[in-house]
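Scroll down for the structure; my scribbles are underneath it.
Taken together, the values in this text are just the output of simple stated rules run on the coordinates, not laboratory data. Model, not experiment: these values are computed from the prediction. Here the Cβ positions follow ideal geometry from the backbone for every residue, glycine too, while neighbour counts run over all protein chains shown.
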């Protein structure tokens, strides 16, 4: 049964010191954020839409996601798909902002280019990737979450879990 794969990854990954250290670092970065930008493709973009809504509603952060169809097609047509997100960040991103970039493979060039642009702008970057340990995205963030699996479902689900756990921790801090 496939659920046993999810259970195995959950038990191994979330019990590990890498996750705990990265979650603490990501929380610290997000505590200092002026604004938070979320970027991803396909299922990862759906996670971004969910997270930008929750970070705004629950934490009252100013949030943005590159998820509007007209915006995506406009920027992709004018700048090319691989540069569309980077161009958008070039307009809106500023030092002190945080970019949360999600790519299951870690090799989507539009996401890689956007993180490079964020770094050039003085933004902090939190990346979430999976598949191969040497993926391009994994080396670019200030905090880099990596799920060591090649199954899209597992990688995408745990990216969502990671972001929700951080959100929940930050929300809990505010209540205390």
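The table that follows gives values for the structure above.
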{"read-out": "Residues of the range 130-161 with amide N under 19 Å of the 7 Å Cα→Cβ point at residue 31", "value": "142-144"}
{"read-out": "Taking all pairs of distinct alpha-carbon atoms in the chain, Kirkwood radius in angstrom", "value": "16.1"}
{"read-out": "Label point distance in nm, residue 18-residue 150, each placed 7 Å from Cα along Cα→Cβ", "value": "1.7"}
{"read-out": "Helix-only [θ]222 nm of the chain, DSSP H runs n ≥ 4, -39500 (n - 2.57) each, per residue, nearest 500", "value": "-19500 deg cm²/dmol"}
{"read-out": "Percentage relative contact order, the chain, counting C-alpha pairs under 8 Å, at least six apart", "value": "20"}
{"read-out": "Calculated FRET efficiency for the pair residue 10/residue 56, C-beta based, R₀ 41 Å, to 0.05", "value": "0.90"}
{"read-out": "Nearest-0.05 FRET efficiency for residue 116 and residue 165, computed from C-beta distance (R0 22 Å)", "value": "0.20"}
